[in-house]
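Asker: Next up is a structure, given as structure tokens.
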Amino acid sequence: MKVKKSIILVTALSCLTCAGCAKEQPEPVTEMDNEIRTEETEQTENAVSGQVFPERFEETIDGVCFDMDVRISKEADMENLHRTSATLQRPDIEKAKAVFAAGRTVVEEQNDTGSGEDGIEFPCYRADYDDDTFLNISSNLTYSHTPVFEKINGAFRLYSHNNTERYAKDTVLEAGDPQMLFENVLKSIRDAGYQLEDVAYDYFALDHETMAEEFMLLDKTGETVSTEGISWGVEDDCYFYTAVQLQEGLPIYFGSQDFPEDEEGNRPIQVLCSANGIERLDVSRLYSFSEPGEAVSLLDLDTIVQTVSKKYGDIVGPSYTVKRAELYKMPVKTADSTYDVKIVWLFEVQEAGKDSDTGEAYEYTQYMFVDATDGTEVFIQ
């Protein structure tokens, strides 16, 4: 199967409200066992039961300005969507050790018990090895080559002092072919006990020249410290990947109440790869899915946006501008550690107003989810 490559469009969490959208007064390939797909975020028209979802939606309804991109994965099988359920996966300790600890000498290790959803206990394992690597297995999986990761982490920053715009997303480095390296990553994840079928991924190409320019070290107070003596060469070239699961071609939503953003730094698979292989791997919140159930069809977008306009149009004071609508499958917790997988629209909504205490203008971004099949609001759990 062919592997495609496209660039993820990352929407900034803080950007200016569009002109003319202030709140109005109401008026009348590679062959593999499982296909790897790079994330498709280009806007397309998608026909569902005779409906067409536009690339853009621009309208003001009940004082709420919709000036939004409409995003649907090109991989989505839009005429063949089904109800399904899911359970959270955990890595297998012995399988993960066989993958990441083979040939290494343990310096220190700890076996413990953790408690997950519904109070269910599960075994945990942590080990440090003689080559400055560590492995941490619980409900999630982390493997890290500490010296390499800490050095790269000082030059490539997804969070504080974000500098991702400095790195290319469609470049091949001396570290190797990015697709082949990622295929090896997926094999390691599966060998560690995860059931992982289709995924959508993207990567940053971290070249040593840019990293040398961007490298900084901070002390515990957040002040910069000297980086004298730290050198960079082609051997430091690497790729940083982020990936999400796909189910029936739709990405699986991965946010939470505390972190609802669907940005790259929040994705469930994050991995740093060099020419030597995996230098850092973090895996969290991967699901296994039931067999497809009843087929479903989606409501038209005009009906869906009414739910959004009603929620924000009734709020007095701030103005609201909807910048993006993106289609996801969202596992929603039910009972007995199972999830009902809903098809939802994620709406990125910018609120702008004046602080009632200080009088200062403010803007911030929030997220709303609407069930694509019945138009009701869905809440993150």
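The values are calculated or read from the model by the stated rules, or taken from the named source; none is laboratory data. It should be emphasised that the depicted structure is a prediction, and the values quoted were computed from it without experimental measurement. A quick note on method: Cβ atoms are made from the backbone with ideal geometry, for glycine too, and the neighbour counts reach across all protein chains shown. We work out accessible area using only protein heavy atoms, side chains counted, and drop any ligands, DNA or RNA first. Shrake-Rupley method; radii C 1.70, N 1.55, O 1.52, S 1.80 Å.
Asker: Select, from G103, G154, the only residue that is surrounded by fewer than 18 Cβ atoms within 10 Å (Cβ to Cβ) and at positive phi.
Answerer: Details: G154 fails: at positive phi.
Step by step, each of G103, G154 is checked, and only G103 is surrounded by fewer than 18 Cβ atoms within 10 Å (Cβ to Cβ) and at positive phi.
Asker: While we're looking at this one, here's another question. Can you tell me which residue is nearest to E263 (Cα to Cα) among those in the range 125-139 that are touching a Lys or Arg at 6+ places or on another chain (Cβ under 9 Å) and surrounded by fewer than 16 Cβ atoms within 10 Å (Cβ to Cβ)?
Answerer: At the first step, the residues of the range 125-139 found to be touching a Lys or Arg at 6+ places or on another chain (Cβ under 9 Å) are 125, 127, 129-131, 133-139.
Retained after the next criterion (residues that are surrounded by fewer than 16 Cβ atoms within 10 Å (Cβ to Cβ)): 130-131.
Working: D130: 35, D131: 33 Å.
Per the criteria, the residue is D131.
Asker: For the range 157-169, does any single residue satisfy the condition of being at pLDDT 95 or above, within 17 Å of R280 (Cβ to Cβ) and surrounded by fewer than 18 Cβ atoms within 10 Å (Cβ to Cβ)?
Answerer: Yes.
Asker: Looking at the range 78-99, can you tell me whether even one residue there is under 30 Å from D237 (Cβ atoms), open to solvent by 50 Å² or more (accessible area, probe 1.4 Å) and assigned to a strand (DSSP E or B)?
Answerer: Taking every residue of the range 78-99 in turn, none turns out to be under 30 Å from D237 (Cβ atoms), open to solvent by 50 Å² or more (accessible area, probe 1.4 Å) and assigned to a strand (DSSP E or B).
Asker: Test of understanding: among G317, G359, which residue is in contact with a strand residue (DSSP E or B) (Cβ under 7 Å, 6 or more places away or on another chain), at positive phi and open to solvent by 20 Å² or more (accessible area, probe 1.4 Å)? Working first, answer last.
Answerer: Values: G359 fails: in contact with a strand residue (DSSP E or B) (Cβ under 7 Å, 6 or more places away or on another chain).
Result: G317 is the single residue among G317, G359 that is in contact with a strand residue (DSSP E or B) (Cβ under 7 Å, 6 or more places away or on another chain), at positive phi and open to solvent by 20 Å² or more (accessible area, probe 1.4 Å).
Asker: Let me ask something else about it. If you take the residues of the range 56-77 that are hydrophobic (A, V, I, L, M, F, W, C) and outside any strand (DSSP E or B), which of them is farthest from W345 (Cα to Cα)?
Answerer: So the first thing to find is which residues in the range 56-77 are hydrophobic (A, V, I, L, M, F, W, C), and the list is 57, 61, 64-66, 68, 70, 72, 76.
Checking which are outside any strand (DSSP E or B) leaves us with 72, 76.
Working: I72: 10, A76: 14 Å.
In this case the residue turns out to be A76.
Asker: What are the pairs, 6+ residues apart or on separate chains, where a residue within the range 131-149 that is at negative phi has its Cβ under 8 Å from a residue that is open to solvent by 50 Å² or more (accessible area, probe 1.4 Å) and of a type in the set (A, V, I, L, M, F, W, C)?
Answerer: Cβ pairs passing all conditions: S139/L88.
Asker: May I ask you to list the residues in the range 139-150 that are modelled with pLDDT of 95 or more and either under 21 Å from the mean Cα position of the chain (by Cα) or under 27 Å from Y287 (Cα atoms) (or both)?
Answerer: N140, L141, T142, Y143, S144, H145, F149
Asker: Sticking with this structure for a sec: Grab the strands (runs of 3 or more DSSP E) fully contained in the range 263-381, keeping just those with 2 or more residues being farther than 29 Å from T60 by Cβ and touching a His at 6+ places or on another chain (Cβ under 8 Å).
Answerer: Numbers: elements: 269-274, 277-283, 287-289, 319-333, 338-354, 361-371.
Of the strands (runs of 3 or more DSSP E) lying wholly inside the range 263-381, those with at least 2 residues that are farther than 29 Å from T60 by Cβ and touching a His at 6+ places or on another chain (Cβ under 8 Å) span 277-283.
Asker: Against the definition (within 30 Å of T133 (Cβ to Cβ), of a type in the set (S, T, N, Q) and touching an Asp or Glu at 6+ places or on another chain (Cβ under 9 Å)), how does Q270 come out, yes or no? Talk me through it step by step, then tell me what you get.
Answerer: Values: within 30 Å of T133 (Cβ to Cβ): yes; of a type in the set (S, T, N, Q): yes; touching an Asp or Glu at 6+ places or on another chain (Cβ under 9 Å): yes.
Yes; evaluated as a whole, the condition is true for this residue.
Asker: Sticking with this one: State all residues of the range 224-237 that are of a type outside the set (S, T, Y) and outside any loop (DSSP other than H, G, I, E, B); if no residue qualifies, say none. Break it down into steps so the answer makes sense when it comes.
Answerer: Taking the range 224-237 first, the residues of a type outside the set (S, T, Y) are 225, 228-230, 232-237.
Those that are of a type outside the set (S, T, Y) and outside any loop (DSSP other than H, G, I, E, B): V225, V234, E235, D236.
Asker: Does at least one position in the range 78-89 carry a residue that is touching a Gly at 6+ places or on another chain (Cβ under 7 Å) and more than 17 Å from D371 (Cα to Cα)? I'd like the intermediate steps shown before the answer.
Answerer: Of the residues in the range 78-89, the ones touching a Gly at 6+ places or on another chain (Cβ under 7 Å) are 82-84.
From what's left, more than 17 Å from D371 (Cα to Cα): none.
No, the range 78-89 has no match at all.
Yes/no per residue for (1) surrounded by 15 or more Cβ atoms within 10 Å (Cβ to Cβ); (2) within 30 Å of Y253 (Cα to Cα); (3) at pLDDT below 95; (4) among the hydroxyl-bearing types (S, T, Y):
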{"site": "V172", "(1), (2), (3), (4)": "no, yes, no, no"}
{"site": "A175", "(1), (2), (3), (4)": "yes, no, no, no"}
{"site": "F182", "(1), (2), (3), (4)": "yes, yes, no, no"}
{"site": "A192", "(1), (2), (3), (4)": "yes, yes, no, no"}
{"site": "A205", "(1), (2), (3), (4)": "yes, yes, no, no"}
{"site": "E209", "(1), (2), (3), (4)": "no, no, no, no"}
{"site": "M216", "(1), (2), (3), (4)": "no, no, yes, no"}
{"site": "T221", "(1), (2), (3), (4)": "no, no, yes, yes"}
{"site": "S226", "(1), (2), (3), (4)": "no, no, yes, yes"}
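Asker: Take the conditions assigned to a helix (DSSP H, G or I) and not β-branched (V, I, T) and apply them to F149. Does it pass?
Answerer: Working: assigned to a helix (DSSP H, G or I): yes; not β-branched (V, I, T): yes.
Spelling it out, F149 is indeed assigned to a helix (DSSP H, G or I) and not β-branched (V, I, T).
Asker: Quick one: what pairs do we get from the range 106-118, first residue within 12 Å of L135 (Cα to Cα), second open to solvent by less than 100 Å² (accessible area, probe 1.4 Å) and among the hydrophobic types (A, V, I, L, M, F, W, C), C-beta under 6 Å, 6+ apart or different chains?
Answerer: Correct list of pairs: V106/A127; E109/A127.
Asker: What residue, among those in the range 363-375 that are open to solvent by 70 Å² or more (accessible area, probe 1.4 Å) and touching a strand residue (DSSP E or B) at 6+ places or on another chain (Cβ under 8 Å), is farthest from M330 (Cα to Cα)? Break it down into steps so the answer makes sense when it comes.
Answerer: Step one: filter the range 363-375 for residues open to solvent by 70 Å² or more (accessible area, probe 1.4 Å), giving 363-364, 374.
Then keep just the ones that are touching a strand residue (DSSP E or B) at 6+ places or on another chain (Cβ under 8 Å); that gives 363-364.
Working: E363: 27, Y364: 24 Å.
Looking at the filtered set, the residue picked out is E363.
Asker: Does at least one position in the range 247-254 carry a residue that is touching a helix residue (DSSP H, G or I) at 6+ places or on another chain (Cβ under 8 Å), open to solvent by 60 Å² or more (accessible area, probe 1.4 Å), in a loop (DSSP other than H, G, I, E, B) and within 24 Å of S85 (Cα to Cα)?
Answerer: Of the residues in the range 247-254, the ones touching a helix residue (DSSP H, G or I) at 6+ places or on another chain (Cβ under 8 Å) are 254.
Imposing the further condition that a residue be open to solvent by 60 Å² or more (accessible area, probe 1.4 Å) reduces the set to none.
No: zero hits.
Asker: F240: farther than 30 Å from A325 by Cβ and outside any loop (DSSP other than H, G, I, E, B), yes or no?
Answerer: Values: farther than 30 Å from A325 by Cβ: no; outside any loop (DSSP other than H, G, I, E, B): yes.
No, not satisfied.
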